[in-house]
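What follows is a short report on a single structure.
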Amino acid sequence: MNQRRRLLVAADVGGRHSRHIGDEAMLEANLEGLRGAVPGAELVVMSRDPEWIEHRYGVSSVPLFGFASGPAAREERLTLMADLCGAAASGAAAGDALDAVRRADAVVVSGGGNLSSTWPHLLGERVTLLLTAHRLGKPAAVLGQTIGPSLTAEERAMLSEALRAARFVGVRELPSAALAMSLGVPLARLWYQSDDAMFAPWIGGNAPAVEPDARATIVVTIDPQLRSACSDGFSALARQLRELAAITGAAITLVPHEFGEDAAAGPSDRREARLLASCIALSEIEIVEDLDARSAAFVAANAALVISTRYHPLVFALAGGAACVGIYGDEYCRIKLQGALAHAGLERQAIRYDDVARGALLPLALESWRDRERARRDLSILREKWSEETGRRWEAIGRALDPQAPEATIAPGAIMGRSGEELVPMLLSAIELGRESVELLAKRREAAERTAIAFQTMARPYLTLRRQASKLRAVLRRLAARS
């Protein structure tokens with residue numbers, strides 16, 4: 001009789017105090033996938049709130065390694081990583097998390113977008129898990145990642161060693177795939193995948209259908225970054241959503257994706273939804289709060305149109321066949337949102353904060369609204385392709401997590417799990433979008449440099465006056481002293 005295998009899964013889920021729907025959706029989808037890929041496996045999740053995880057998902061849970069956040073904690077993180085890797089090699093005791101790695105038969109890094117300088121503590125958690133597993137001879141799989149794009153030279157070196165130790169590395173975007181290859185991940189272990197939650201069994205075509213006579217809904221999810229980075233964009237968003245509702249007759253539903261007790265008084269999607277609702281100032285507008293991943297997916301999948309600055313509302317929309325528009329403000333979010341849409345060939349459905357500020361959202365949203373039935377038909381056809389890719393991927397993950405299975409190419413005859421016929425046009429599109437982004441960033445830098453030069457020119461007379469005033473004050477003080 002085969003012994004029951006234990007899989008240790010690292011996931012970026014919060015708990016009762018801090019919720020993130022996208023992270024929960026990926027974990028939930030991966031738990032389902034792992035149960036199918038490794039039948040009878042015991043699943044153990046590393047998390048910030050083990051008690052909450054155990055209650056919510058019915059699996060065992062252990063604490064994280066405990067890396068500190070913030071740039072000031074760099075030395076502390078490096079010391080902890082070295083201590084844990086050393087303890088893994090020597091057999092010394094080093095806490096519950098490392099003990100869980102020792103007792104596991106294989107480890108899994110669940111999907112996410114935290115292999116980046118922005119979240120050094122989460123990067124440290126994942127790197128350390130992969131390195132300690134490698135030192136202990138445990139196979140590892142990394143699923144559904146956005147990598148970078150921001151990484152220091154030190155982080156690149158650590159991440160390179162960690163990812164090269166994994167037997168399967170799944171990335172959600174082609175820019176992440178290119179970065180993974182530059183870090184030394186063998187092409188034979190790299191898989192260009194749709195998001196972990198794209199084909200979860202509880203969304204999309206498997207969700208209950210909307211009643212035919214139900215009023216069409218526009219679902220909107222906005223995170224705090226838009227308002228803080230582009231206040232003009234936030235007010236323009238409210239104005240355009242109000243006009244969109246008036247033209248289409250659709251109801252607007254605001255769906256927060258990040259919330260919790262810790263965010264009650266600070267920035268959160270919940271706070272943004274309430275502010276946006278007050279700015280839109282419509283009598284019929286609903287804020288649907290505190291949803292779980294399945295409920296949030298159902299709402300988005302059954303919308304007529306989804307508009308979001310966050311990643312997973314777009315994933316849910318595509319999975320359910322809903323038209324959608326993404327809004328991003330930086331390179332990291334561009335790669336993620338365009339990357340999600342690329343799996344449906346809809347990369348151009350993502351626009352910048354600046355585009356929203358100048359009024360470009362309304363015409364794009366209206367075009368999407370008018371084409372929503374065709375979009376639903378097209379996306380329904382694509383589901384067959386996504387289903388096939390998902391099935392092949394989980395077969396490859398199952399092989400990668402089997403300590404007895406020989407290491408081999410994860411998808412013989414394919415490139416990153418895809419056929420060349422499918423991959424080439426997607427790659428060309430990603431290259432073109434990257435070129436456009438680089439050109440835009442270069443123009444912004446040139447404009448900033450011109451602004452700085454103009455400021456210096458304008459400020460020069462005032463600096464001269466300031467120096468003269470200082471000299472005059474000194475003269476006046478001396479005269480006052482003599483008198």
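Just a few scattered comments:
- Among the residues making up the stretch 298-325, those that are of a type in the set (A, V, I, L, M) and over 17 Å from residue 223 (Cα atoms) are 299, 301, 303, 304, 305, 317, 318, 319, 322, 323.
- Residue match in the stretch 294-303 (condition: closer than 30 Å to residue 386 by Cβ, at pLDDT 95 or above, open to solvent by 10 Å² or more (accessible area, probe 1.4 Å) and in a loop (DSSP other than H, G, I, E, B)): no
- Qualifying residue in the stretch 13-23 (condition: open to solvent by 50 Å² or more (accessible area, probe 1.4 Å) and either of a type outside the set (S, T, N, Q) or closer than 21 Å to residue 127 by Cα (or both)): yes
- Residue 247 being more than 24 Å from residue 13 (Cα to Cα), of a type outside the set (S, T, N, Q), at pLDDT 95 or above and open to solvent by 20 Å² or more (accessible area, probe 1.4 Å): yes
- Output for the stretch 33-82, where each listed residue is touching a helix residue (DSSP H, G or I) at 6+ places or on another chain (Cβ under 6 Å) and of a type in the set (D, E, K, R): 77
- Residues of the stretch 358-379 satisfying the condition of being of a type outside the set (Ser, Thr, Tyr) and open to solvent by less than 40 Å² (accessible area, probe 1.4 Å): 359, 360, 361, 362, 364, 365, 366, 369, 375, 379
- Checking every residue in the stretch 76-94 against the condition of being under 23 Å from residue 316 (Cα atoms) and charged (D, E, K, R) gives zero matches.
- Some residue of the stretch 329-341 being closer than 19 Å to residue 256 by Cα, among the basic types (Lys, Arg) and surrounded by fewer than 24 Cβ atoms within 10 Å (Cβ to Cβ): no
- Each residue in the stretch 30-48 was checked for being at pLDDT below 95 and under 16 Å from the mean Cα position of the chain (by Cα), and 0 of them qualify.
- Test: residue in the stretch 306-317 that is within 30 Å of residue 433 (Cβ to Cβ), part of a strand (DSSP E or B), touching a residue at least 40 places away in the same chain (Cβ under 8 Å) and open to solvent by 20 Å² or more (accessible area, probe 1.4 Å): no
- Count of residues meeting criterion [under 12 Å from residue 190 (Cα atoms), modelled with pLDDT of 80 or more and not β-branched (Val, Ile, Thr)] in the stretch 390-412: 3
- Qualifying residue in the stretch 147-156 (condition: closer than 17 Å to residue 333 by Cβ, open to solvent by less than 10 Å² (accessible area, probe 1.4 Å) and part of a strand (DSSP E or B)): yes
- The number of residues in the stretch 195-244 being more than 27 Å from the chain's Cα centre (by Cα), modelled with pLDDT under 95 and not in a loop (DSSP other than H, G, I, E, B) comes to 0.
- Residues being open to solvent by 60 Å² or more (accessible area, probe 1.4 Å) and either of a type in the set (Gly, Ala, Ser) or on the phi > 0 side of the Ramachandran plot (or both) - total across the stretch 83-135: 3
- Leading residue by the ranking (surrounded by the fewest Cβ atoms within 10 Å (Cβ to Cβ)) among those in the stretch 159-194 that are in a loop (DSSP other than H, G, I, E, B) and among the small types (Gly, Ala, Ser): 184
- When the stretch 38-76 is limited to residues that are touching a Phe, Trp or Tyr at 6+ places or on another chain (Cβ under 9 Å) and crowded, with 22+ Cβ neighbours inside 10 Å, the one that is nearest to residue 122 (Cα to Cα) turns out to be 46.
The values are calculated or read from the model by the stated rules, or taken from the named source; none is laboratory data. Everything numeric in this text was worked out from a predicted model, so none of it was measured. Cβ sites come from the backbone with ideal geometry, for glycine too, and all protein chains shown count toward neighbours. Just so you know, the surface numbers come from the protein's heavy atoms only, side chains and all, with ligands and any DNA or RNA stripped out. Shrake-Rupley method; radii C 1.70, N 1.55, O 1.52, S 1.80 Å.
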